[in-house]
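Report on one structure; see the data block that follows.
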Amino acid sequence: MKTIQVDPGRPDPAAIQQAAALLRAGGLVAFPTETVYGLGANALDPEAVARIYAAKRRPSYNPLIVHVPDAAAAQALAADWPAHAAACAAAFWPGPLTLVVAKHARVPDAVTAGLSRVALRVPAHPVAQALLRAAELPVAAPSANRSSELSPTLARHVEKSLEAAVDLILDAGPASVGIESTVIDLSGSAPILLRPGSIPQMALERVLGPVSLPGSAGKPGEARPSPGMLDRHYAPRAELRLFTPCGVLDVRPDYTVGALLLTTQVMAQFPVRMPADPDGYAQRLYAELHRLDDAGCDLILVERVADTPEWAGVRDRLERAARRG
Ligand code: AMP
Ligand code: MG
């Protein structure tokens, strides 16, 4: 494994060419996107894709998001490009939105875990853009971490989690969004929000009309669950416990405790005051959880965030991280 520093705004063409050549040769390249660092491989090469699953120890039922440089390249991987997809592409791409649409036959089953739909995204990060254009390939890229663990927002997090499994890491500093993309399924009769992210549901609804949540979706029998979104996920090594101010906190006295706080204080060796706005909070969330894990915390107490739509992305990650087993 090798890490190369690149300027986030104007990446060195030689570094990009090296990374692109590795992708074309079937290798694994970790690269920055605006959401989190991705672990990329040639999406059209089932063997390269299999390497992603092995490196992450990702369950084979959990499909991958395919990254492309623009909407035309996305459309080329879809069997059907509904008006909703074109509208979302125009409004939100490049950016932290993933669209699930019917897949074209040229997308291997290995990428979609056998599903007839494919998840597509056009990232905005200049390094991701440069790499996708240089590779001239669609790049399957889940977050560059062991499955179920914390996502990486720094190259150092990738090194910590994946070590020798990666051929090259492009290090462009911290990811600006900090949580994974919003995922919306446009393959059925009505749009379904599969994973909340930094794009609020209301912004999607301005473009798409009503958007439903999985479970509450569409006609009976038409619900399209997103595999891999049900499990414990995005979790630190330490136990993560959500709490509401004024509640009773029962903490083992021998525990090393970290805390992510908004309005209140608790007894903790490592208290962290988090930004009060959802974008600022999201940007710092994983980096703080990585830091508290590295500090040896047994328990991380997290003050619950507001139960409002703009906090949905952060709330989703915290609730999954708090889930046991
Ligand atoms: P990750 O790339 O690890 O942040 O996760 C990608 C997420 O997108 C996973 O939770 C998948 O379940 C979801 N996803 C990817 N492809 C599809 C698909 N074809 N249909 C539904 N969900 C998908
Ligand atoms: Mg992930």
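Could you say which residue among Leu240, Leu289, Leu261, Leu301 is under 22 Å from the mean Cα position of the chain (by Cα), more than 21 Å from Pro142 (Cα to Cα) and among the hydrophobic types (A, V, I, L, M, F, W, C)? I'd like the intermediate steps shown before the answer.
On the way: Leu289 fails: more than 21 Å from Pro142 (Cα to Cα); Leu261 fails: under 22 Å from the mean Cα position of the chain (by Cα); Leu301 fails: under 22 Å from the mean Cα position of the chain (by Cα).
So the residue among Leu240, Leu289, Leu261, Leu301 that is under 22 Å from the mean Cα position of the chain (by Cα), more than 21 Å from Pro142 (Cα to Cα) and among the hydrophobic types (A, V, I, L, M, F, W, C) is Leu240.
In segment 1-51, which strands (runs of 3 or more DSSP E) lie fully inside it and hold 3 or more residues that are under 19 Å from the mean Cα position of the chain (by Cα)?
29-32, 37-42
How do the strands (runs of 3 or more DSSP E) wholly within segment 79-172 filter down when requiring 3 or more residues that are farther than 19 Å from Ile52 by Cβ: which remain?
Correct list: 97-102.
Considering Ser147, Ser161, Ser176, which residue is of a type outside the set (A, V, I, L, M) and buried (at least 23 other Cβ atoms within 10 Å of the Cβ)?
Sole residue among the options that is of a type outside the set (A, V, I, L, M) and buried (at least 23 other Cβ atoms within 10 Å of the Cβ): Ser161.
Pro123 versus (1) in contact with a Phe, Trp or Tyr (Cβ under 6 Å, 6 or more places away or on another chain); (2) within 17 Å of Ala43 (Cβ to Cβ): which is the lone unmet condition?
The number of the failed condition is (1).
Which pairs turn up if I take residues in segment 49-76 that are at positive phi and look for partners that are within 15 Å of ligand 1 (Cβ to nearest atom) and among the hydroxyl-bearing types (Ser, Thr, Tyr) with beta carbon separation below 8 Å, at least 6 apart in sequence or on another chain?
Pairs found: Arg57/Ser147.
If a residue must be in contact with a strand residue (DSSP E or B) (Cβ under 9 Å, 6 or more places away or on another chain), assigned to a loop (DSSP other than H, G, I, E, B) and modelled with pLDDT of 95 or more, how many such residues does segment 245-263 contain? Spell out how you get there, then give the answer.
Of the residues in segment 245-263, the ones in contact with a strand residue (DSSP E or B) (Cβ under 9 Å, 6 or more places away or on another chain) are 245, 249, 251-252, 255-263.
Now restrict to residues that are assigned to a loop (DSSP other than H, G, I, E, B): 245, 249, 251-252, 255-256, 262-263.
Among the residues that remain, those that are also modelled with pLDDT of 95 or more are: 255-256, 262-263.
Residues that pass the stated criteria total 4.
Identify all residues within segment 96-107 that are surrounded by fewer than 20 Cβ atoms within 10 Å (Cβ to Cβ) and not charged (D, E, K, R); write none if there are none.
Of the residues in segment 96-107, the ones surrounded by fewer than 20 Cβ atoms within 10 Å (Cβ to Cβ) are 102, 104-106.
Ala102, His104, Ala105 - these are the residues of segment 96-107 that are surrounded by fewer than 20 Cβ atoms within 10 Å (Cβ to Cβ) and not charged (D, E, K, R).
Only residues that are aromatic (Phe, Trp, Tyr) and more than 11 Å from ligand 1 (Cβ to nearest atom): list them for segment 54-99, please.
The first filter runs over segment 54-99 and keeps only residues aromatic (Phe, Trp, Tyr), leaving 61, 81, 92-93.
Once the filter is applied, which keeps residues that are aromatic (Phe, Trp, Tyr) and more than 11 Å from ligand 1 (Cβ to nearest atom), segment 54-99 yields Trp81, Phe92, Trp93.
When you scan segment 163-184, how many residues do you find that are in contact with a helix residue (DSSP H, G or I) (Cβ under 6 Å, 6 or more places away or on another chain) and within 16 Å of ligand 1 (Cβ to nearest atom)?
Matching residues across segment 163-184 total 3.
In a helix (DSSP H, G or I), farther than 24 Å from Ala50 by Cβ and either among the small types (Gly, Ala, Ser) or out of contact with any strand residue (DSSP E or B) (no Cβ under 7 Å at 6 or more places or on another chain) (or both): does that describe Ala73?
When the stated conditions are applied, Ala73 does not pass them.
Picking from Ala312, Ala295, Ala276, which residue would you name as being within 17 Å of Pro196 (Cα to Cα) and of a type in the set (A, V, I, L, M, F, W, C)?
Ala312
Can you find, within segment 277-317, the residue that is surrounded by the most Cβ atoms within 10 Å (Cβ to Cβ) among those that are among the hydrophobic types (A, V, I, L, M, F, W, C), in a helix (DSSP H, G or I) and out of contact with any strand residue (DSSP E or B) (no Cβ under 6 Å at 6 or more places or on another chain)?
Filtering segment 277-317 for residues that are among the hydrophobic types (A, V, I, L, M, F, W, C), in a helix (DSSP H, G or I) and out of contact with any strand residue (DSSP E or B) (no Cβ under 6 Å at 6 or more places or on another chain), the one surrounded by the most Cβ atoms within 10 Å (Cβ to Cβ) comes out as Leu289.
Out of Glu310, Glu303, Glu319, Glu288, report the one residue that is of a type outside the set (A, V, I, L, M), within 16 Å of ligand 1 (Cβ to nearest atom) and within 29 Å of Pro214 (Cβ to Cβ). I'd like the intermediate steps shown before the answer.
Working: Glu310 fails: within 16 Å of ligand 1 (Cβ to nearest atom); Glu303 fails: within 16 Å of ligand 1 (Cβ to nearest atom); Glu288 fails: within 16 Å of ligand 1 (Cβ to nearest atom).
Only one candidate passes the filter, namely Glu319.
Name every residue in segment 165-186 that is in contact with a Leu (Cβ under 9 Å, 6 or more places away or on another chain), within 16 Å of ligand 2 (Cβ to nearest atom) and among the hydrophobic types (A, V, I, L, M, F, W, C), in order of residue number. Full working, then the answer.
Here is the first cut: in segment 165-186, the ones in contact with a Leu (Cβ under 9 Å, 6 or more places away or on another chain) are 165-171, 173-175, 178-179, 181-186.
Pick out the ones that are also within 16 Å of ligand 2 (Cβ to nearest atom) and you get 165-166, 175, 178-179, 181-183.
Matches in segment 165-186: Ala165, Val166, Ala175, Ile179, Val183.
The values are calculated or read from the model by the stated rules, or taken from the named source; none is laboratory data. None of these values were measured; they are calculated from a predicted model. FYI the Cβ positions are ideal-geometry reconstructions off the backbone, even for glycines, and counts take in every protein chain you see.
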